[in-house]
Structure formats: structure tokens, C-alpha cells
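Peer 1: Got a structure for you, written out below as C-alpha cells; questions coming shortly.
The values are calculated or read from the model by the stated rules, or taken from the named source; none is laboratory data. Quick caveat, the model's predicted, so the values are computed rather than measured. No Cβ is skipped: glycine too gets one built from the backbone with ideal geometry, and neighbour counts run over all protein chains shown. Accessible surface is based on the protein model in full, side chains and every heavy atom, while ligands, DNA and RNA are left aside. Shrake-Rupley method; radii C 1.70, N 1.55, O 1.52, S 1.80 Å.
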Amino acid sequence: MLTDRLRPDLVAIGVALSLGLTGIIEPNEVFIGFSSSAVVTIIGIFILAQGLQRTGVTRAFGRVLAQANRGGERGMIALVMSSGACLSLFMNNIAAAAVLLPGAVDAVKRRKLIPSKIMMPMAFATALGGMATLLTTANIVVSEALTVSGQRGYGLLDFVLVGVPVTLAGILFMLTLGRRLLPTRDPTALDPARANSHVLTESYELFQRLNRIRIPPTSSLVNQRIVDSGIGKQYGMSVMAVLRNGQTVLAPSPDEIIRAHDTLLVIGRRERAEQLRQYGAIVEPDSQFEGEITSDDVSLVEVIPAPRSRAIGQTLRQLRFREKFGASVLALWHGGRSVRTDLATLPLEFGDAMLVHGSREAISLLQSDSDFLVLRPPAAEESPVRADRAVVAVVILIAALTTAALDIVPIALATMLGALAMVLVGCLSMDEAYRAIDWRAVFLIAGMLPVSIAMQRTGAADELGRVITALLSGFGPVAVGAGLLTLTMLLTQVMSGQVTAVVLAPIAISTAQAIGSDPRAMAMFVALGCSLTFITPSAHPVNTFVMGAGGYQASDYPRVGVPLTLICVILIIALVTFVWRP
């Protein structure tokens, strides 16, 4: 997992199979993770969150950000952080960030704020809010480890007394010292998240690669479709518009016929455009364009791969992007710079952003696709929601969480009952429920949970617990808990918090039993440490998710994240000691 040579979920399944093949665990225990309450709870949470999205409940959070016009930078930070923390109380952190990002980008533009001052606080808030509830994946995994070891698992509200004060302290830090540590960069130079066509074209330096190609009657390109001309496939360029008889055809279809006397506005390198001379085309020396590239029917928007997007690692050509959506990608923000040539062959990465040009129908179709996220789409292009079911969705969520909080039924049963209710009342369809589940996360956790069984059955957890006990027990149980918290935090920076929880939770439980401490208190240090994902952009997908929108560099994260982590570590040690008395 550390080398990234294989996908984490593939490694997890391989680990589970190897444990069964070597006889370390029984064959019937290899796939026990798929029936565990942890995995069932996570599946239920994914479906509940999707129900809120399909009924427009979570979109309301984005509208609050987009329409908030009072207060300056400090007020905006407080708004995005409180919204992110609240959303992450009952939904996946990545989903919470995906809900907030378009609204945050819109609000930043409206209020002329600097994106680099807003996006990182939003990302950190989703991790902070996740500390205050059992519904965070790592917390669920640690609770499952307690159950497997014969201890009582955590309840829905067991994290509140520690998580809420830490969350509030984190928000206060970001509003004061943290805000000063955040980078200040020219948003038009580094931030690709833009709201109108003029700033978007400047951000992507689009017109620096604009070429005017005139088509005389003698050109072999006459009467050819654009898709057959080779401009895209052979030369890696994009046709942004066609000037014809005093009219401008924006975002032309691939089937648009090139006519004599047309002038094509082509985005790509000059030397590529020059090669069209062999077809009798004339490359004009003046490549200026004074007109508008948007209209009532054509939009220019920015699109990023959504969390858990299947588009990651694939090229636009492999995705058949042009054929599927009927829109053109004019530029790609990739690796901190604008790329405008050979876009179709460049694999998409998490954090990339695309400048998409197309009809409003095409943009609407793109927005409805779960693999992409349109940043600040025009109001008319927002995908339809089942608004008449919004109140019902909220009632179902409250009922499910209340039932779990009061221990009326186990949390796995409560969340799945809520998920079933969402489908039965029409908040979302069963197919939408299946698509809402992050199956990679499910297989990762289900594959790694047998490791907990193996560590306890073979005595590996006891041995590692004895090492920690020998090193720290002389200083008392609080020192042991602090050591586990620090170890968890460090591993989480380079390894998934879910995996860290699986590995360290049994060790924490064994260590607590060895020194006569409360296993639930000691495991709490591990659970909360898995949420301290502030130091590296790779510590959590949300950190990577906001890099493009905020124009961040990797070095920005430790500058802000290290002091925030130190504050959280000190508070967690103090609060767990006071509340749980290890």
C-alpha cells in the first residue's frame, strides 16, 4: 500500500486470501469482513448521503455558501468550516467536500476572495467534524475491533465530548493563526476554479494557443466533417468555434461540415496548426478573437473528476468524452499548469480540472454524471432533484440516527433501515443506491478486517502491545495513549486512515489489557488519530481534492497542518484522559 504499486483494495483482498490459504484464519473467516457490522454501516451511510443529494438537501448547503454576501475572508472561513464539519457528522468526508466545493468556489468568486484562503480550511473541517461521530469510517472500524475482541463497541454519540471541542478548537485556529499561515496567491495565475468565461480563459491562458485557420475553396478540408479532418485525433487540437458568413458557430459538433471560406478557431500549439497548410488551409498570423465564446445556448465551465470517479487514470479518448457528452475540452489544468494540446491522450489525475465548452444541454448531461463535478454551473444547468422528497429524506436520516443514538437497534441495522426507507419512498432508485456505494472502500475494509482477527489469534497484537507497554507503561496509561495517538497520526499521513485503524486498533486493545487500562479509552486514541490528516496532501483524498481549486503546493499543507495537528493532539490527550479515564 505504501508503494502504490497495487490498488489498496486489491492488496486488502490479497491479504484476506493469503490469511486463509496459510491457515492463519479459518476459511470461513476470510470473507467475514463483508458481513461485519462495520461494512454494513458504511454501505448504509453511503446510501443515506446519496438520498440527501438526490432530494436536494445537500445542495442547499452549497446555495448557502454561494448566496452568502456578508462578512469577509474570516466570515467565509467560518462558514465553510462550520458547514463542512456539520456535513461530515453524518456523511463521508469526501462526499461532504464534494457537496461544498461548487458552492465555495462560487462564493469565493462572488465576494472576490482568494481561493487559497478558503479551500484548505474547508478540507480540514470535514476531517475535524468526522471526529465527533461514530459515522466516520475509521471510527466504525475501531468500534468493530472492540466488538471482535469481546469489548462493547462505541455508540453513535460516544465521540461527541471529545470530538466537538477539538473541532471547535480547529475552527478557531484556522480563523486566527491558521489564516495567516495559508498561502496568498494570485487566483488568476494558480487557481483554475473560475466562474465566468473571461477569467476562465485567462486562468487557462487559452488564447495563447488560439489559431485562426482560414479554409479557401481549394483546401482538401472542404466538405469534411470536423471529426474526420484530423485536427483533433491526428494533431491533438480542439475546434473552439467556426466563423462563417459573419456568424459564429460556438462549440461546433464533431459532425459539423467544414465549408469553403470558413475560419476555424483552433486551440493548440502553433507548430501543429502550421501542419494544416498541407491540406491547403491558411494559418493567419493574427490569432486574436474579440468575440464572446459563450452565449445563451453555449457555456464555458470548469469540471473536475468527482471523488471516487471512474475517470481517474483514463484519457478523454478512452472515456469517449466528446461522443458521450457532446462537449469539447479546450484545456486541462494538470500538474499545476494549463495543457491545451494532446488533451485526448493525457490520463486524468485526481486534482485535475477541465475547461469544457459546450451547449447547455451538454453541460447539464455532464453535471448529471456522477464521475464529474461541474464547478458553479449556471442555474439553468443544475441537474434535477426530487425536491418533493427532501423533507422525507431529512426525517428518515434523523430517525435512523436517533434510533442508533438511543441504542434502540444496532447502528448497522439503523443505517440500513434508513437506506431501505430512502429507496422505498422514492428519494432515490435502487440503481442509484448501488452507484452511491464506494465499493473500493467496502472491499478495502472487508479485506483488511480479517487482519484484526489474525493479529489477535496469533498473538501478534499482544506482542506489539507488550513492546509499547515496555516503552511507555512506566509513564502511565496516558503516556501509552499519547504514544498510540502519535503513531496513528504519523501512519495516517502515508497510509489510509481506514487501514491504520485496522492495524492499530487490536494493538491498542491488547496494550490496554496488558496495563489494566480501559480498552475502549485506549482505542479512542487510535480512532481520533486517524482523523488527523492535515500534514500531507496525500493523507486524505479531500486534501488532494481541493489542491487545484485552491492553487496549493504540497509544502502548503505542513505549514498549516503541523501546528493544527499539535493543537489537536494536546486536546485529544487531555479530553480522552478527562472523559474516558484510561
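Peer 1: Give, as a single signed number, the net charge of other residues whose beta carbon lies under 13 Å from the beta carbon of residue 257, with Lys and Arg counted +1 and Asp and Glu -1. Spell out each step's value before the answer.
Peer 2: On the way: positive: 225, 244, 259; negative: 228, 255, 256, 262.
It works out to a net charge of -1.
Peer 1: Let me have the relative contact order for the stretch 497-582, percent, based on Cα pairs under 8 Å that are six or more residues apart.
Peer 2: Details: 71 pairs, mean separation 26.3, N = 86.
About 31 percent, as a whole number.
Peer 1: Here's something else I'd like to know. Per-residue HN-Hα couplings for the stretch 564-569, Karplus 6.51 cos²θ - 1.76 cosθ + 1.60 at θ = phi - 60°, whole Hz, x for Gly and Pro?
Peer 2: Result, ordered by residue: 5, 5, 4, 4, 5, 4 Hz.
Peer 1: Loop-only check: which trypsin sites (Lys or Arg not before Pro) in the stretch 416-482 are DSSP coil with at most 10 other Cβ within 10 angstrom? Kindly include the intermediate steps, with their values, before the conclusion.
Peer 2: Numbers: sites: 435, 440, 457, 466; in loops: none.
Within the stretch 416-482, no trypsin sites (Lys or Arg not before Pro) qualify (loop, at most 10 other Cβ atoms within 10 Å).
Peer 1: If you don't mind, there's one more thing I want to ask. Please work out the C-alpha center-to-center distance from the stretch 530-582 to the stretch 153-178 and express it in whole Å.
Peer 2: 12
Peer 1: Then there's this: Give me the accessible area per residue for the stretch 324-365, probe 1.4 Å, as a whole number in Å².
Peer 2: Working: 1430 Å² over 42 residues.
Heavy-atom accessible area per residue stands at 34 Å².
Peer 1: Kindly provide the helix-only [θ] at 222 nm of the chain, computed as the sum of -39,500 (n - 2.57) over DSSP H runs of four or more divided by all residues, to the nearest 500 deg cm²/dmol? Don't skip to the answer; put the middle values down first.
Peer 2: On the way: 26 runs with 305 residues, N = 582.
Value at 222 nm, helices only, nearest 500: -16000 deg cm²/dmol.
Peer 1: Separate question: Once phi is turned into ³J(HN,Hα) by the Karplus curve 6.51 cos²θ - 1.76 cosθ + 1.60 with θ = phi - 60°, what whole-Hz value does each residue of the stretch 138-155 show in order, with x for glycine and proline?
Peer 2: 4, 5, 5, 5, 5, 4, 5, 4, 4, 5, 4, 7, x, 8, 7, x, 7, x
Peer 1: Just the accessible area per residue of the stretch 431-514, please: how many Å² with a 1.4 Å probe? Mind showing how you got there, number by number?
Peer 2: Working: 3240 Å² over 84 residues.
With the other protein chains kept in place, the stretch 431-514 gives 39 Å² per residue.
Peer 1: Where a ≥ b ≥ c are the square roots of the eigenvalues of the C-alpha gyration tensor, would you call the chain rounded, which needs a/c under 1.5, or, failing that, prolate if a/b is larger than b/c, or oblate?
Peer 2: It comes out prolate by the Cα gyration axes.
Peer 1: Given contacts defined as C-alpha pairs under 8 Å and at least six residues apart, what's the relative contact order of the stretch 398-481, whole-number percent?
Peer 2: 12 percent.
Peer 1: Also, I was wondering about something else. To the nearest 10 degrees, how steep is helix 390-405 against the longest Cα principal axis of the chain, on a 0 to 90 scale?
Peer 2: The two axes meet at around 20 degrees.
Peer 1: Let me ask something else about it. Which of the GluC sites (Glu not before Pro) found in the stretch 238-291 are in a DSSP loop and have at most 14 neighbouring Cβ atoms, other than their own, within 10 Å? Please list the in-between numbers first.
Peer 2: Details: sites: 256, 271, 274, 290; in loops: 256, 290.
Loop-located and lightly packed - 290.
Peer 1: Okay, next question. Tell me, what is the percent relative contact order of the chain, built from C-alpha pairs under 8 Å that lie six or more residues apart? Present the calculation step by step, with values, prior to reporting the outcome.
Peer 2: On the way: 1110 pairs, mean separation 124.4, N = 582.
It rounds to 21 percent for the chain.
Peer 1: Please work out the C-alpha center-to-center distance from the stretch 386-404 to the stretch 242-284 and express it in whole Å.
Peer 2: When both Cα centres are located, 53 Å separates them.
Peer 1: Can you send over the solvent-accessible area of residue 462, 1.4 Å probe, protein chains only, in Å² to the nearest 10?
Peer 2: Surface accessible to solvent at residue 462 totals approximately 70 Å².
Peer 1: With +1 on each Lys and Arg Cβ and -1 on each Asp and Glu Cβ, how big is the dipole of the chain about its Cα centre, in debye rounded to the nearest 20? Each step should come with its number before you reach the end.
Peer 2: Working: 47 positive and 43 negative charges, 157 e Å.
In total the dipole reaches around 760 debye.
Peer 1: Which angle between 0 and 90 degrees, to the nearest 10, do you get for helix 160-175 versus the longest principal axis of the chain when only C-alpha atoms count?
Peer 2: Its long axis makes an angle of about 40 degrees.
Peer 1: Over the chain, with every protein chain in place, what whole percent of the accessible area is carbon and sulfur at 1.4 Å, could you tell me? Intermediate results must be reported in sequence, preceding the final value.
Peer 2: Details: 13810 of 23550 Å².
Percent of accessible area from carbon and sulfur atoms in the chain: 59.
Peer 1: Then there's this: Which of the trypsin sites (Lys or Arg not before Pro) across the stretch 202-284 are loop residues per DSSP, with 11 or fewer other Cβ within 10 Å?
Peer 2: Details: sites: 209, 212, 214, 225, 233, 244, 259, 269, 270, 272, 277; in loops: 233, 259, 269.
The qualifying sites: there are none.
Peer 1: So, one more: Which lysines, on any chain, are close to residue 324 with Cα under 22 Å apart, when same-chain ones fewer than 8 places away are left out?
Peer 2: 233
Peer 1: Compute, for the stretch 246-395, the length of the dipole vector about the Cα centre, with Cβ point charges of +1 (Lys, Arg) and -1 (Asp, Glu) only. Units Debye, rounded to 20. Could you put the intermediate results ahead of the total?
Peer 2: On the way: 17 positive and 22 negative charges, 123 e Å.
Around 600 debye, computed over the stretch 246-395.
Peer 1: Say the dipole of the chain comes from +1 at the beta carbon of Lys and Arg and -1 at that of Asp and Glu; which of 485, 511, 552 then lies farthest toward its positive end?
Peer 2: 552
Peer 1: Shifting gears a bit: Which of the lysines could be linked to residue 117 by a straight reach, that is with a Cα gap under 16 Å, when you skip same-chain ones fewer than 8 residues away?
Peer 2: In chain and number order, the partners are 109.
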